[in-house]
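Notes to accompany the following structure.
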Amino acid sequence: MRDHPQDVDAPHPDIWTGRATNRFQWLLALGGAACMALGIELAVDSAWTSGTAALAMAVVGCIAAGLLVLFGTLAFVHVDLKLDREFLEVRCGHIGVPRRRILLAHVAGADFAPLVTPRHWGGWGYRWRPEKGTAVVVRRGEGVVLRLWDGHTFTITVDDAEAAVRVIRDRLRSNAHGPLH
């Protein structure tokens, strides 16, 4: 369901921003934190009788797995899309990494994708598929598909993707005709 204004003729702001969020990722991050807590609990208060080498491996394994899951999921809790007059920038998670900045001069076109799913891309996150290109997928739903001049595509899940596509197309047209000052 969408409540986005559909005024196509309205002027676009100098900087357009969009975001997509996946709250389910917080549950996965909680699982990573639990794994870390188990590792810390084993290290601090363990009645482990199989030797110190086995205990050390269990502690390191739990903490490493927990950190990997925790940071791997928190990096893709949300994605932010920023469109300027000259570039498009995609930032993931609270830290903003991974980040990709694409000059609009490198964009051949933009299309609206009504349904982008993690299943089509092999999961959440920053994805690459040889037959499809590159994508940042944080949830299922609408997205923007950029066609780059080098023949590659870049897909981003973002709320109000139709508005983003309109802004990108408008900027591409105005950049093709030169500055409007």
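Among beta bridges identified by DSSP and lying wholly in the chain, the antiparallel ones come to about 90 percent.
When the Cα gyration tensor is reduced to axis lengths a ≥ b ≥ c, the ratio a/c is 1.5 or higher for region 91-157, and with a/b not above b/c it is classed as oblate. Counting only heavy atoms of the protein chains and using a 1.4 Å probe, residue 152 has close to 110 Å² of accessible surface. Taking Cα atoms only, the orientation of helix 52-74 departs from the longest principal axis of the chain by about 20 degrees.
Please return the longest range in the chain lying between exposed loop sites, taking GluC sites (Glu not before Pro), DSSP loop only, at most 14 other beta-carbon atoms within 10 Å, and leaving the sites out. So the longest stretch without any such site is 1-85. Indicate the gyration tensor shape class of region 94-133 (rounded, prolate or oblate), computed on the Cα atoms with a ≥ b ≥ c the square roots of the eigenvalues: a/c under 1.5 is rounded; otherwise a/b larger than b/c is prolate and the rest oblate. Here region 94-133 falls in the oblate category. Accessible surface for residue 35 stands near 50 Å², nearest 10, in the context of the full protein assembly shown (1.4 Å probe).
Count Lys and Arg as plus one, Asp and Glu as minus one, and take only other residues whose Cβ is under 13 Å from that of residue 138; the net charge is then +3.
Of the chymotrypsin sites (Phe, Trp or Tyr not before Pro) in region 90-181, the ones in a loop by DSSP (not H, G, I, E or B) with at most 14 other beta carbons within 10 Å are 149. Could you work out the pair-distance distribution P(r) of the chain from its alpha-carbon pairs, with 5 angstrom bin width and percents rounded to whole numbers? In order of increasing distance, the bins hold 1, 8, 14, 16, 15, 12, 9, 7, 6, 4, 4, 2, 1, 1, 0, 0 percent.
Largest accessible area first, the listed residues 21, 155 line up as 21, 155 when surface is computed with a 1.4 Å probe on the assembled protein chains.
The values are calculated or read from the model by the stated rules, or taken from the named source; none is laboratory data. Treat the numbers as computed from the prediction; the structure is a model and nothing was measured. Note that we place each Cβ from the backbone using ideal geometry, even for glycine, and neighbour counts take in every protein chain shown. Accessible surface areas use protein heavy atoms only, side chains included; no ligands, DNA or RNA. Shrake-Rupley method; radii C 1.70, N 1.55, O 1.52, S 1.80 Å.
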